[in-house]
There are 2 protein chains.
Amino acid sequence: MSYQLWYWPNIPGRGEFVRLALEAAEVDYEDMAREHGAEALMEDLGSRRGIRPFAPPYLVHGDLCIGQTAHILAYLADRHDFGAGELEIDLQLIQLQLDVTDIVAEVHAVHHPVSASLYYQDQMDAAYEAAQNFRDHRIPRFLDHFELALEENGGPFMLGDRWTHVDTSLFQLMEGLDYMFPNRMAELDYPRLELVRGAVTDIDGVEAYLASDRRLEFNEDGIFRYYPELDSE
Amino acid sequence: MSYQLWYWPNIPGRGEFVRLALEAAEVDYEDMAREHGAEALMEDLGSRRGIRPFAPPYLVHGDLCIGQTAHILAYLADRHDFGAGELEIDLQLIQLQLDVTDIVAEVHAVHHPVSASLYYQDQMDAAYEAAQNFRDHRIPRFLDHFELALEENGGPFMLGDRWTHVDTSLFQLMEGLDYMFPNRMAELDYPRLELVRGAVTDIDGVEAYLASDRRLEFNEDGIFRYYPELDSE
């Protein structure tokens, strides 16, 4: 039974973290809103009752409907063997995945500090201040954390020589930060994160995916947005 | 082997979601930083290498060290039978717990929209705007979501007649929102959330806990803060 992934069709956003793991594992899935449009997504989500996802992305697999990016990835990792397969280490991977969730939320809050429902243009002053703090303090705090974690097993991947959802997610995080903060990222040096980024692009499924038209470019409707005024000079 | 919970000693914060579940289940734990102070917490976290928690709360259990509130709760639920014990439903509970994580992060961002490392007093204008949006749009959006989920099994708890970590967390969420936004919350009506809140206070372990000096009051160093200017009039 194939997976149905539901996410906004025009941005990589949080959906891309799920896509990358599916593509790396060469698992079939239908990218529902890219086939059927954003209205179909809103209609599908709106028609679900009871315990349902709060927001996209969500994954439908038979009767199961799973929301929350890190949670979807933990489910898929179990089924397709891109976790550790060992409780203690799987717990660490999920924890790291949730740390990725946290920085992704903070990235969005940089350009929407006051409210996600106002335009960026209506909260630029606060965004300017938020970006300065994020660049100076939060990027190093999170990337130091991931860099330190990558020491654990010697790299290139978090577990050493086999990839997991944490690695494909760190790839996407680094890509996004480079897109959003090219000047700031050029000032920083994270050799282990660079190593894992390179190693992820060498996974067969990822290589094929990045060369395909399934891969969406970052853009200014997404989470990682390039507004030059928010980068360092 | 007893659990060691590490969290800031002077605020309920995210640690309280873990405490409430442990207390409801009448599971022994040591509240390490309340016994040994915030410096001991910083020292313990700082001394951990490799894959380690990004921030408190974290739980130490023998060789395991688990960060991220929702993740800690999922681990404890498995071991102490306050999850569902059935894959499909446990997945739903974890998803809901992650939704609680999301609103808790948004609550903190209301009084710290620009940066968690600046004082509230230095970001009051943005906070004022953020609070208005949060009160008008985000509180109903999240509480509608939880209220709808509570319909699934008829209440009072999310699974019907047995409590889980989601219920103790919804209790704490409602308590926190009432503390922070008394006027706004008085305008809203969520009968199923009120029902679960009441039912949680009737759990023996919770009743004893709330009457003890282990229960910390909300205060203006925590996540849920009462600043009258951020509430509706």
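The values are calculated or read from the model by the stated rules, or taken from the named source; none is laboratory data. Fair warning: this is a prediction, and the values are worked out from it, not measured in the lab. No Cβ is skipped: glycine too gets one built from the backbone with ideal geometry, and neighbour counts run over all protein chains shown.
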- Restricting the stretch B:125-146 to residues that are more than 10 Å from every other protein chain (Cβ to nearest Cβ) and crowded, with 16+ Cβ neighbours inside 10 Å, which is farthest from A:Arg138 (Cα to Cα)? B:Leu143
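Would it be correct to say that A:Asp99 is charged (D, E, K, R), facing chain B (nearest Cβ under 9 Å) and in contact with a helix residue (DSSP H, G or I) (Cβ under 7 Å, 6 or more places away or on another chain)?
Working: charged (D, E, K, R): yes; facing chain B (nearest Cβ under 9 Å): yes; in contact with a helix residue (DSSP H, G or I) (Cβ under 7 Å, 6 or more places away or on another chain): yes.
Judged against the criteria, A:Asp99 is a match.
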- Task: Kindly indicate whether A:Ala109 is among the small types (Gly, Ala, Ser), under 23 Å from A:Leu195 (Cα atoms) and within 8 Å of chain B (Cβ to nearest Cβ).
- Result: no
- Note on the structure: Subset of the stretch A:112-121, residues surrounded by fewer than 17 Cβ atoms within 10 Å (Cβ to Cβ) and more than 9 Å from every other protein chain (Cβ to nearest Cβ), comes to A:Tyr119, A:Tyr120, A:Gln121
- Looking across the stretch B:25-62 at residues that are closer than 21 Å to B:Asp99 by Cα and out of contact with any His (no Cβ under 8 Å at 6 or more places or on another chain), the single one that is surrounded by the most Cβ atoms within 10 Å (Cβ to Cβ) is B:Tyr58
- Task: Name, by its number, the condition in (1) touching a strand residue (DSSP E or B) at 6+ places or on another chain (Cβ under 7 Å); (2) at positive phi; (3) of a type outside the set (S, T, N, Q) that does not hold for B:Trp163.
- Result: (2)
- Query: If you scan the stretch A:97-127, which residues turn out to be farther than 18 Å from B:His71 by Cα and of a type in the set (Gly, Ala, Ser)?
  - Reply: A:Ala109, A:Ser115, A:Ala116, A:Ser117, A:Ala126, A:Ala127
- Query: With B:Leu193, B:Leu148, B:Leu177 as the choices, which residue is more than 19 Å from the chain's Cα centre (by Cα), closer than 21 Å to B:Glu106 by Cβ and among the hydrophobic types (A, V, I, L, M, F, W, C)?
  - Reply: B:Leu148
- Note on the structure: Considering the stretch A:148-168, residues that are more than 14 Å from every other protein chain (Cβ to nearest Cβ) and closer than 15 Å to A:Gly198 by Cβ, and then whichever is surrounded by the fewest Cβ atoms within 10 Å (Cβ to Cβ), we arrive at A:Asp161
- Note on the structure: Expected output for the stretch A:124-142 (first residue more than 13 Å from A:Met185 (Cα to Cα), partner among the aromatic types (Phe, Trp, Tyr) and surrounded by fewer than 22 Cβ atoms within 10 Å (Cβ to Cβ), Cβ below 7 Å, 6+ apart or cross-chain) is A:Ala127/A:Tyr120
- Task: Answer yes or no as to whether B:Leu59 is at pLDDT 95 or above, in contact with a strand residue (DSSP E or B) (Cβ under 9 Å, 6 or more places away or on another chain) and outside any helix (DSSP H, G or I).
- Result: yes
- Query: Within the stretch A:23-47, which residues are assigned to a loop (DSSP other than H, G, I, E, B) and closer than 25 Å to A:Leu173 by Cβ?
  - Reply: A:Ala25, A:Glu26, A:Val27
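Does B:Leu188 satisfy being of a type in the set (A, V, I, L, M), outside any helix (DSSP H, G or I) and within 11 Å of another protein chain (Cβ to nearest Cβ)?
Judged against the criteria, B:Leu188 is not a match.
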- Note on the structure: Of the residues in the stretch A:41-73, those that are farther than 24 Å from B:Asn153 by Cβ and free of Cβ contacts under 8 Å to residues at least 60 places away in the same chain number 7
- Query: When you look at B:Val196, is it of a type in the set (A, V, I, L, M, F, W, C), closer than 23 Å to B:His71 by Cα, touching a strand residue (DSSP E or B) at 6+ places or on another chain (Cβ under 9 Å) and crowded, with 17+ Cβ neighbours inside 10 Å, yes or no?
  - Reply: yes
- Task: Would you mind stating whether A:Leu20 is within 13 Å of chain B (Cβ to nearest Cβ), assigned to a helix (DSSP H, G or I) and aliphatic (A, V, I, L, M)?
- Result: no
- Query: Among the residues of the stretch B:199-210, how many are surrounded by fewer than 16 Cβ atoms within 10 Å (Cβ to Cβ) and in a loop (DSSP other than H, G, I, E, B)?
  - Reply: 1
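Can you pull out every residue in the stretch B:31-60 that is acidic (Asp, Glu) and in contact with a Leu (Cβ under 7 Å, 6 or more places away or on another chain)?
In the first step, residues of the stretch B:31-60 are kept if they are acidic (Asp, Glu); the result is B:31, B:35, B:39, B:43-44.
Correct list: B:Asp31 only.
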- Odd one out for B:Cys65, checked against (1) facing chain A (nearest Cβ under 8 Å); (2) crowded, with 17+ Cβ neighbours inside 10 Å: (1)
- Message: Can you say whether A:Asp213 is without any contact (Cβ under 8 Å) to a residue 60 or more places away in the chain and not in a helix (DSSP H, G or I), as far as the supplied structure shows?
- Response: yes
- Hey, can you tell me all the residues within the stretch A:73-96 that are more than 9 Å from every other protein chain (Cβ to nearest Cβ), buried (at least 21 other Cβ atoms within 10 Å of the Cβ) and not in a loop (DSSP other than H, G, I, E, B)? A:Leu73, A:Leu76, A:Ala77
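Being buried (at least 17 other Cβ atoms within 10 Å of the Cβ), in the same structural domain as B:Thr164 (by TED's automatic domain parsing), touching a Phe, Trp or Tyr at 6+ places or on another chain (Cβ under 9 Å) and at pLDDT 95 or above is the requirement here; does B:Val18 meet it? Steps first, answer last, please.
Details: buried (at least 17 other Cβ atoms within 10 Å of the Cβ): yes; in the same structural domain as B:Thr164 (by TED's automatic domain parsing): no; touching a Phe, Trp or Tyr at 6+ places or on another chain (Cβ under 9 Å): yes; at pLDDT 95 or above: yes.
Criteria not met by B:Val18.
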